[in-house]
Structure formats: structure tokens, C-alpha cells
Amino acid sequence: MWTATAFLLLAQVSANDQPIQPDLVIRGAMIYDGAGQAGYKGDLAIRGDRIVGVGAFSVAGKPREIDGSGLIVCPGFIDLHTHSDVPLTVPATKANLCYLMQGVTTVVTGNCGAGPVNVADYFKKLEAGGIGSNVIHQVPHNDFRKTVMGNVNRAPTAEEMKRLEDLVDQAMKDGAWGLSTGLYYTPGSYATTAEIIALAKVAARHHGFYASHMRDEGAGLLASITETLTIGREAAIPVHISHLKSFGPRNWGKAADAIALINQARTKGQVVSADQYPYVASSTSLAAEVIAPKFREGSAKDFQARLDDPDQGPVVRQSIQERITSLDAGPNVHIATYKSHPAWQGKTLGAVAAESKTDLLNTVLDIERHGGAQVVNFSMSPEDVSLIMKQPFVATASDGSSQVPSDTVPHPRSYGCFARKIGRYAIEDKIITLEHSIRSASGLPADILKLPERGYLKSGYHADVVVFDPKTFRDRATFEKPHQHATGVRYLFVNGKLAIDDGKYQNVLAGKVLRHE
Ligand SMILES: [Zn+2]
């Protein structure tokens with residue numbers, strides 16, 4: 001029996017009825033093309049590094065055939081927000097396996113203003129070592145500012161500003177896709193809006209975009225969004241809000257106001273998007289969570305001097321105590337990595353304080369004295385997370401990095417982000433539709449990047465393709481045991497090469513550096 005969809009497909013696919021000669025055909029799978037439409041049953045053909053048939057077509061020759069019955073075929077996922085800059089240049093993690101196992105074929109680095117400053121050099125390193133997934137890089141503002149000025153709390157001189165602009169210009173010429181800021185971190189937090197606008201204008205000249213870990217995702221969330229929108233308007237550049245959230249128990253419920261503010265700008269025609277990881281916990285350094293940027297100018301040594309100063313010390317301590325209280329850090333903040341005392345990894349700050357027979361403030365100061373720690377912070381409400389996820393402008397992005405198992409207890413998002421959103425939030429709990437969850441991981445991030453010929457299943461596009469089993473595509477990484485790969489990806493094509501075949505990684509490094517042109 002012919003359905004309306006089948007006729008439509010036939011019309012789309014075989015404008016001419018010439019049989020195609022693929023290397024490989026996936027037969028009878030449910031096809032989700034990345035545009036947000038409901039899935040339909042069909043075939044997908046690949047030749048070399050390209051998709052050559054989607055839906056219904058006739059085949060010549062003897063291609064390898066994969067039975068797709070019961071499986072879903074969709075575009076390889078694009079992760080707009082990772083911190084894999086260094087891991088992708090290191091032998092143990094360059095395959096990006098924890099992402100391949102989630103169906104991710106392209107990752108973006110240079111996020112939150114952090115990453116390699118010499119873009120040409122970074123790309124050369126990636127290409128020399130080989131990479132498991134495609135890589136896109138952004139100009140990282142914090143590291144550029146550190147390079148030119150150091151970690152200082154002041155505006156750049158005219159000369160320094162010129163150097164910053166020249167560096168952004170060079171990075172964009174070398175193939176970066178846009179400017180990224182981390183205004184929550186130092187030294188980004190010392191930059192005025194005007195400084196960011198000036199640098200965003202350079203990225204805009206190269207048709208790049210602006211992505212930001214905003215100044216304040218908690219009490220100052222709406223003011224931070226307003227700043228981001230201003231930067232977009234003044235620099236005439238598309239803006240992207242990284243890991244959109246309402247941070248800290250005192251700010252729960254603000255997601256609705258944030259969304260309203262973004263929608264208001266979108267209605268007026270401004271290009272605004274965001275991304276999100278589907279968890280109620282965030283993760284960063286303990287210092288960034290509880291020590292205000294104004295106390296973190298200079299080095300760790302400078303911070304200790306400030307603590308020991310009879311005038312400043314009490315002020316710094318009181319400020320840290322207030323942040324500990326507002327985050328309810330005792331039960332909410334967990335140690336993820338702490339080199340000085342690995343036995344504390346996985347424990348809450350409260351448990352560590354009790355074990356050390358001291359209070360939370362002194363536990364924090366002790367950790368900072370010994371090199372600092374990365375933490376996981378249960379900082380979001382499930383209602384805010386679900387509401388943000390439903391927005392059509394919100395892409396999926398992990399905020400994680402390429403990892404291999406170790407004794408650390410990091411945020412599980414590096415292993416589970418995409419499988420969790422699609423497997424749990426869409427397939428199991430039906431908080432969003434399956435087609436919405438797939439679009440937010442493929443077509444939408446491709447549109448945000450203006451990434452040519454990827455992100456959709458279309459004839460002629462690069463063959464970045466994932467085939468997964470909806471019954472088993474789930475995250476297995478938990479907050480207690482994060483080093484566990486996602487399950488359910490049966491086949492993964494990166495630039496037409498099978499990186500995962502019948503569920504098994506094939507030891508191929510098929511990723512490419514994607515340069516912005
Ligand atoms: Zn960030």
C-alpha cells in the first residue's frame with residue numbers, strides 16, 4: 001500500500017530514476033533527516049565519503065547491505081560545546097571514543113573562552129596525530145587576553161586592544177568559526193561589554209558567530225542575556241548562549257524568564273541560539289564556583305597573599321562563605337578531580353569537611369592551597385532543564401571532554417549527554433519528541449554553525465551518519481560511576497568510514513579538521 005509519505009519521498013528522491021552505485025546500503029530503517037520531521041521507513045546509501053541516496057532509490061552493483069529493521073538512521077551528532085582541545089591532541093584520548101559511542105561525529109572546541117590561541121598550529125597538531133571525530137574551533141577570548149595582558153583586572157590599552165583584534169583576525173583567517181567568551185572566568189570577567197563588542201566585530205567581518213559562557217548564570221542571568229543580546233546587535237553577529245541554565249537553588253524557576261527574553265529578541269529578527277546538556281548538575285573548578293573573580297586576579301600565590309592580608313583576608317573569606325551558603329555547597333558540590341588527595345574524588349564537600357573535622361569554608365581554602373579541584377555541582381532544577389530542552393533554538397551539547405577511564409569522578413556528560421537526551425528524555429520519558437531530540441543534535445547545530453553539507457541526511461552531503469537501536473540507546477554513565485560508555489549505537493560513519501561497525505569501535509581515526517571559509 002502506498003502512503004502519502006511514500007509518494008512524496010519517491011518524488012523527492014528519484015527525480016531521475018537512474019540506479020545509484022553505492023558502497024553500502026542500510027535497508028528498511030526509520031529515517032530521521034535532522035530537520036525535525038517525523039521519521040519514515042526507508043534506505044540510505046553511501047559511496048566514498050558521501051551520502052548518495054536517502055529514502056527510496058534503486059541500486060546497481062553489489063554494495064554491502066545492512067539490515068536496518070528496528071533501527072534509526074540519522075545525521076551524525078554535532079556537539080557545539082566541548083573542552084576536548086587538549087585531549088584530542090593526546091594519544092590516549094584523540095579517538096574521542098566516549099563521544100563516538102554516543103553517535104557524535106563533530107565536536108566544537110575553544111569554548112568558554114578557553115583553548116589554543118594559535119589556531120593554525122592546533123589544526124596541524126590534530127591532523128598530524130589523527131582524530132576520531134571532526135573538529136571545529138573557536139577563538140577563545142580568555143586565553144587570547146591572558147596571552148596579551150596576563151590575568152589582570154583592567155581594560156586593555158589601545159595597543160593591547162589592537163593586538164587582541166589582530167589575533168582574532170588571524171585566528172579567523174586560520175579557520176576558526178567564531179569568537180567564544182567565558183565572562184564567568186578570569187580574565188574574561190575583567191573585560192567590559194565594549195571590549196567584547198570590538199572583538200566580536202572582527203569575527204563578524206569573517207562571517208563568524210559569537211558564543212558565550214555568560215558572566216552570571218544565577219542571580220544575574222537576565223542581565224547576562226541582555227549583555228549577550230547587546231553584543232550581537234552592536235557587532236551585527238549571530239549570538240549563541242552556551243549551556244543555558246538557571247544556576248543555584250535561589251534562582252530556580254528563572255528559565256522561563258530567560259526564554260521569554262531570548263524569544264523577544266528572536267521575534268525582532270535577532271539571530272540567537274543556545275545549547276544545553278541534559279543534567280541537573282554542572283561542573284567546573286571549585287575556585288570558579290565559590291571565589292569571586294575580583295579576588296582571583298594574578299596567580300594562585302596572589303590569592304593566598306590576599307587571604308593572608310589582615311585587611312583583605314576577612315573580606316575574601318566572607319565572600320566565599322556567602323557563595324558556599326547560596327549554593328548549599330555541603331551536599332550539592334561533589335569533588336570530581338583533586339590531584340592532591342584522590343581519595344576525596346566522588347565525595348561531597350560536606351563529607352570531606354566532616355572527615356577533616358572542619359567547616360566548609362576551611363575545606364575550600366585547604367583545597368585551593370593544594371592546587372584546586374574540579375567539582376560537580378547539583379545546581380539546577382529538573383523543571384528548568386526540561387523547559388529549556390523543549391525550546392526550538394536549544395541544541396544539545398555536552399560541555400564535556402574526551403576521556404578514558406581513571407580514578408577521577410567527573411560529570412557523566414562526557415560519556416552520556418546525547419544518549420541521555422534522546423534515549424531517556426525523548427524515547428523513555430517523552431518529555432520531547434524523538435524528531436526534536438535528533439534535530440537538536442544534528443540539523444540545528446549545523447544551522448547555528450552554518451556548517452556546509454553536514455547535519456542533515458541529504459544526497460551529496462558528507463557521510464556523517466549514526467545508526468542506533470532505540471530500545472538500547474541509553475547513557476550508562478552515572479554521577480557515581482561516570483566512566484561508562486553509552487550503549488545502542490550500532491553503526492557510525494565519520495566521513496563515510498565505519499568508525500563503529502555492529503557496535504564495535506574499528507580503531508579508525510576518520511575525523512577531519514573543518515576550517516571556516
Ligand atoms: Zn562554560
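How many residues are more than 16 Å from Thr363 (Cα to Cα) and out of contact with any Lys or Arg (no Cβ under 8 Å at 6 or more places or on another chain) when one looks only at region 262-307? Result for region 262-307: 26. Filtered by the rule that a residue be without any contact (Cβ under 8 Å) to a residue 12 or more places away in the chain and either open to solvent by less than 50 Å² (accessible area, probe 1.4 Å) or more than 28 Å from Gly220 (Cβ to Cβ) (or both), region 320-343 gives a lone residue, Ala343. Would you confirm, using the coordinates I've provided, whether Asp429 is free of Cβ contacts under 8 Å to residues at least 40 places away in the same chain and away from the ligand (no atom under 16 Å from the Cβ)? Yes. Quick check on region 201-211. Is at least one of its residues within 21 Å of Glu383 (Cβ to Cβ) and open to solvent by 10 Å² or more (accessible area, probe 1.4 Å)? No. Looking only at residues in region 331-362 that are among the small types (Gly, Ala, Ser) and assigned to a helix (DSSP H, G or I), the one that is farthest from Thr408 (Cα to Cα) is Ala354. Report yes if some residue within region 86-103 is within 16 Å of the ligand (Cβ to nearest atom), more than 22 Å from Leu509 (Cβ to Cβ) and assigned by TED's automatic domain parsing to the domain that holds Ala176; otherwise report no. Scanning region 86-103, I find no residue that is within 16 Å of the ligand (Cβ to nearest atom), more than 22 Å from Leu509 (Cβ to Cβ) and assigned by TED's automatic domain parsing to the domain that holds Ala176, so the answer is no. Only a single item in (1) surrounded by 20 or more Cβ atoms within 10 Å (Cβ to Cβ); (2) among the small types (Gly, Ala, Ser); (3) at negative phi is not met by Ser406, and it is number (1). Could you list all residues from region 127-149 that are open to solvent by less than 30 Å² (accessible area, probe 1.4 Å) and within 19 Å of the chain's Cα centre (by Cα)? Answer for region 127-149, where residues must be open to solvent by less than 30 Å² (accessible area, probe 1.4 Å) and within 19 Å of the chain's Cα centre (by Cα): Ile131, Gly132, Ser133, Asn134, Val135, Ile136, His137, Gln138, Val139, Pro140, His141, Asn142.
Only a single item in (1) closer than 28 Å to Val494 by Cα; (2) within 16 Å of the ligand (Cβ to nearest atom); (3) not polar (S, T, N, Q) is not met by Ile196, and it is number (1). Checked against the criterion of being within 16 Å of the ligand (Cβ to nearest atom), at pLDDT 95 or above and of a type outside the set (Phe, Trp, Tyr), the candidates Val117, Val107 yield just one match: Val107. Filtered by the rule that a residue be more than 13 Å from the ligand (Cβ to nearest atom) and open to solvent by 20 Å² or more (accessible area, probe 1.4 Å), region 167-189 gives Leu167, Asp169, Gln170, Lys173, Asp174, Thr186. The residue of region 345-357 that is nearest to Val375 (Cα to Cα), among those that are open to solvent by less than 20 Å² (accessible area, probe 1.4 Å) and free of Cβ contacts under 8 Å to residues at least 24 places away in the same chain, is Val352.
The values are calculated or read from the model by the stated rules, or taken from the named source; none is laboratory data. Bear in mind that the values here come from a model prediction, so they are computed numbers and not experimental data. Counting neighbours? That spans all protein chains shown, and the Cβs are built from the backbone with ideal geometry, glycine included. Accessible surface is based on the protein model in full, side chains and every heavy atom, while ligands, DNA and RNA are left aside. Shrake-Rupley method; radii C 1.70, N 1.55, O 1.52, S 1.80 Å.
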